[in-house]
1. Consider a paramagnetic label point 7 Å from the Cα of PHE28 along Cα→Cβ; state which residues of the range 1-16 have an amide N under 13 Å from it.
2. Taking all pairs of distinct Cα atoms, average 1/r, flip it, and tell me the Kirkwood hydrodynamic radius of the range 103-142 in Å to one decimal place.
3. Return one number: the angle in degrees, 0 to 90 and rounded to the nearest 10, between the long axis of the Cα atoms of helix 132-143 and the longest principal axis of the Cα atoms of the chain.
4. Can you tell me the 0 to 90 degree angle between the C-alpha axis of helix 113-125 and the longest principal axis of the chain, rounded to 10?
5. Can you pull out the trypsin sites (Lys or Arg not before Pro) in the range 1-70 that DSSP calls coil and that have at most 12 other Cβ atoms within 10 Å?
6. Let me spell out the model: positive unit charges on the Cβ of Lys and Arg, negative unit charges on the Cβ of Asp and Glu, origin at the Cα centre of the range 13-149. What dipole size does that give, in debye rounded to 20?
7. What shape does the range 1-85 have by the C-alpha gyration tensor, where a ≥ b ≥ c are the square roots of the eigenvalues, rounded means a/c under 1.5, and otherwise prolate means a/b greater than b/c and oblate the rest?
8. Given an 8 Å cut-off on Cα distances and at least 6 residues of separation, report the relative contact order of the chain as a percent.
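What follows is calculated from the coordinates using simple rules that are stated; it is not laboratory data. Not measured: the values here are computed from a predicted model. Because the Cβ atoms are built from the backbone with ideal geometry, glycine has one as well, and the counts that use them run over all protein chains shown.
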Amino acid sequence: MRISLASDHAGFTLKEKIKEHLQENKYFYHDFGTFDEEPVDYPDLAYLAASAVQKGEYERGILVCGTGIGVCIAANKLQGIRAAHCGESYSARCSREHNDANILTLGARVIGVGIALEIVRVFLETPFAGGRHLLRLEKISRLEKSTLS
Ligand code: RB5
């Protein structure tokens, strides 16, 4: 599985911890930045990593900012992106099983490293359940065209 990573300055340190975790668990990833704690605008970084997922270059993405909210809002503007903001592993599991989320977003100023890495583990290991959830995802796709018909 190929993973696209990005953060803003507030998420930089947690992103580094996530990279260590991905290396230890033999995941392939690409870090789209940012690469230090100099202030940057989170939509720019969210766009870089999310558009690579949108194009199919990466199967999943992980985005980190201070709250996880800004990068989530930005990533979800891209057609085909289903970004889920998770603060605990139950939501991470359901985001995969029910929503087939292709991007996880985390708030580095909200959760600790241990919980964040557990969320990452669950997000990457949980498959989409399909079944009744498929029609609901089709409806979300139709909403991208601003219609349910
Ligand atoms: C940066 O100060 C902060 O606004 C950003 O990391 C994020 O929390 C936005 O949603």
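1. Counting backbone N atoms under 13 Å from the label point, the list is 1-4.
2. 12.2
3. Helix 132-143 sits at roughly 80 degrees to that axis.
4. Approximately 40 degrees, to the nearest 10.
5. Passing sites in the range 1-70 are LYS26, LYS55.
6. Here the range 13-149 has a charge dipole of around 700 debye.
7. Oblate, because a/c is 1.5 or more while a/b does not exceed b/c.
8. 23
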